[in-house]
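The next block holds one structure in the form of structure tokens; read it before the comments.
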Amino acid sequence: MSSKLVTIDRHILEQQRKFPNATGAFSELMSGIALAAKIIARETTRAGIAGILGAADHLNIHGEEQQKLDVFADQTIFRMCDHIGRLCLMVSEENDDVIPIPDEFPVGNYILVCDPLDGSSNIDVNGTLGTIWGVYRKMSHSERGTLEDALQPGLGLVAAGYVIYGPSTMFVYTTGMGVHTFTLDPSVGEFLLTAENLRTPDSPKYYSVNQGKEKFWTPGVRAYVQWLQGLHVESQQALDARYTGSLVADFHRNLLCGGVYLYPGEMPGSPRANGKLRLLYEAGPLAFIAEQAGGYASDGTGNVRCVKPSQLHQRTPLFIGNRALVEQAERFIRLSDQQWLDQYEPSRVMLKVS
Ligand code: AFP
């Protein structure tokens, strides 16, 4: 716990002072995201009484029923970040294409990618929700950015974070200099620093997976989960299971307590043979945070931050958490899942990093 009261703005400013060439871009961007998070938190706590629980009238681009809070969160993030002059493009789970900055506002050199409301199946049951975001630097010379600028591998992230709307609202971020967590004090309306340079514990406690999907798992994933449960001949430990249906909630718990979250690629021919989660705005940002906290994230074959998206809404298998646990998943898959690897590997572009 920090003994002084440190807001997100102050924390970023103090970090930027260590770099004389820092432009201040992140403080403005993060202020925009933090303000959006406060507004979304307010709406999630009064959603039942405000009448915005439940489904909006239309499906989102993935054919899923779009919840009213999803729409609200999407629009709030856009409105809080469109005018600050630091972004040239945004990408959101809720929008088919890249979202341009309106002509009336100045543009900058960054691209914001986000899942505005992760875990939306939890809305109707008052369960934990989250927002995941990441920031890339524009690579092209186009003033307003291009689709290619958005299609960057997670290695290109310059900042990433998430907000968790639970019993309290927390804001977690990294700019590549450690992972820092803030908790919203509703009495003053500010996120205050609660942990600096967070490290995930070396000895893990939990694994998180949708066990109901076991019939679709590959032999390697099945053996791996048995290993996590202490049932495999080579198991040295048995972890407890925790799964909420909200990636942010499960990732956050495992980050604090040690553990692994997985949403694997399922058997070839299954609709989720390449996993369920989105590479650009779910897996990439959380992978950056996991690494900064001493962990690791993989698509089952290698570092998920090396996978270059060829589409905005591309899905990926994901294994994320303690490094030793994630590397063990890669071993099981390499050993037992040749059939799955034969169909998966040619379908994605993996950068080679020396
Ligand atoms: P929704 O936001 O559509 O509810 O999806 C949530 C999510 O992307 C991730 O947050 C969960 O961990 C995962 O999907 C849950 O998927 P299953 O319901 O298939 O377990």
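Once you list every other residue whose beta carbon is under 11 Å from the beta carbon of Asp240, what net charge do they have if Lys and Arg are +1 and Asp and Glu are -1?
Working: positive: Lys205, Arg242, Arg253; negative: none.
Net local charge, Asp240 excluded: +3.
Suppose the chain between Asp103 and Glu148 were pulled fully straight at 0.36 nm per residue; how much longer would it get relative to their current alpha carbon spacing? Mind dumping the intermediate values first?
Values: separation 45, 0.36 × 45 = 16.20 nm, distance 2.02 nm.
Stretched out fully, the Asp103 to Glu148 stretch lengthens by 14.2 nm.
Rg (Å, one decimal) plus Dmax (Å, integer) for the alpha carbons of the stretch 146-210?
15.3, 43
If you split all Cα-Cα distances of the stretch 27-134 into 5 Å bins from zero, what percentages do you get per bin, shortest first?
That works out to 2, 13, 24, 23, 18, 12, 7, 2, 0, in percent per bin.
Please give the per residue volume of the convex hull enclosing the alpha carbon atoms of the chain, rounded to a whole number of Å³. It would help to have the intermediate numbers written out before the result.
Working: hull volume 51.5 nm³, N = 354.
Per residue, the Cα convex hull of the chain comes to 146 Å³.
Packing-wise, with mean Cβ within 10 Å as the measure, how do 10-16, 164-170 rank, highest first? If you can, show how the numbers build up before the last one.
Working: 10-16: 16.6, 164-170: 19.9.
So the order, starting with the most tightly packed, is 164-170, 10-16.
If each residue of separation counts as 0.36 nm, what is the full-extension length gain between Met139 and His83 once their alpha-carbon separation is subtracted? Each step should come with its number before you reach the end.
Numbers: separation 56, 0.36 × 56 = 20.16 nm, distance 2.09 nm.
So the extension gain works out to 18.1 nm.
For a quick check: with amide H placed at 1.01 Å from N, whose amide H comes under 5 Å from Leu129's, ignoring anything fewer than 5 positions away on the same chain?
Here the answer is Tyr165, since their amide H atoms fall under 5 Å of that of Leu129.
Just order 254-260, 21-27 by mean Cβ neighbour count inside 10 Å, highest at the front, would you? Numbers along the way, then the final one.
Details: 254-260: 23.3, 21-27: 14.7.
Highest mean packing first, the order is 254-260, 21-27.
Using a 7 Å offset from the Cα along the Cα-to-Cβ direction at both Lys215 and Lys308, what is the distance between the two label points in nm, to one decimal?
Once both label points are built, they end up 4.0 nm from each other.
Of the cross-linked pairs Lys205/Lys276; Lys18/Lys138; Lys215/Lys276; Lys38/Lys68; Lys215/Lys308; Lys68/Lys276, which ones have a Cα-Cα span greater than 26 Å in the structure shown? Let's see the in-between values first.
Working: Lys205/Lys276 24 Å; Lys18/Lys138 23 Å; Lys215/Lys276 16 Å; Lys38/Lys68 17 Å; Lys215/Lys308 29 Å; Lys68/Lys276 22 Å.
Too far apart for the 26 Å limit: Lys215/Lys308.
Viscosity 0.692 mPa s, temperature 37 °C: what is the translational diffusion coefficient of the stretch 233-290 from Stokes-Einstein with a Kirkwood Rh over Cα pairs, rounded to a whole number of µm²/s?
Details: Rh = 13.1 Å.
The estimated diffusion coefficient comes to 250 µm²/s.
How many nm is it between the label spots at Asp9 and Asp96, if each spot is 7 Å from the Cα in line with the beta carbon?
4.0
Starting at the first residue of the stretch 4-21, write each ³J(HN,Hα) from the Karplus equation 6.51 cos²θ - 1.76 cosθ + 1.60 with θ = phi - 60°, in whole Hz, x for Gly and Pro.
Per-residue couplings from phi come out as 9, 7, 10, 7, 4, 4, 5, 4, 5, 4, 5, 5, 5, 4, 6, 10, x, 8 Hz.
Using a Debye calculation, one point per C-alpha and no hydration shell, please list log10 I(q)/I(0) for the stretch 188-249 at q = 0.20, 0.30 Å⁻¹ in order.
Log-scaled intensity ratios, in q order: -0.91, -1.28.
Going by a ≥ b ≥ c, the root eigenvalues of the Cα gyration tensor, does the stretch 214-312 fall in the rounded group (a/c under 1.5), the prolate group (a/b larger than b/c) or the oblate group?
Numbers: a/c = 1.76, a/b = 1.15, b/c = 1.53.
In terms of gyration-tensor shape, oblate.
Taken together, the values in this text are just the output of simple stated rules run on the coordinates, not laboratory data. In this text the structure is predicted, and so the values were computed from the model without any measurement. All Cβ positions, even for glycine, are placed from backbone atoms using ideal geometry, and neighbour counts span all protein chains on display.
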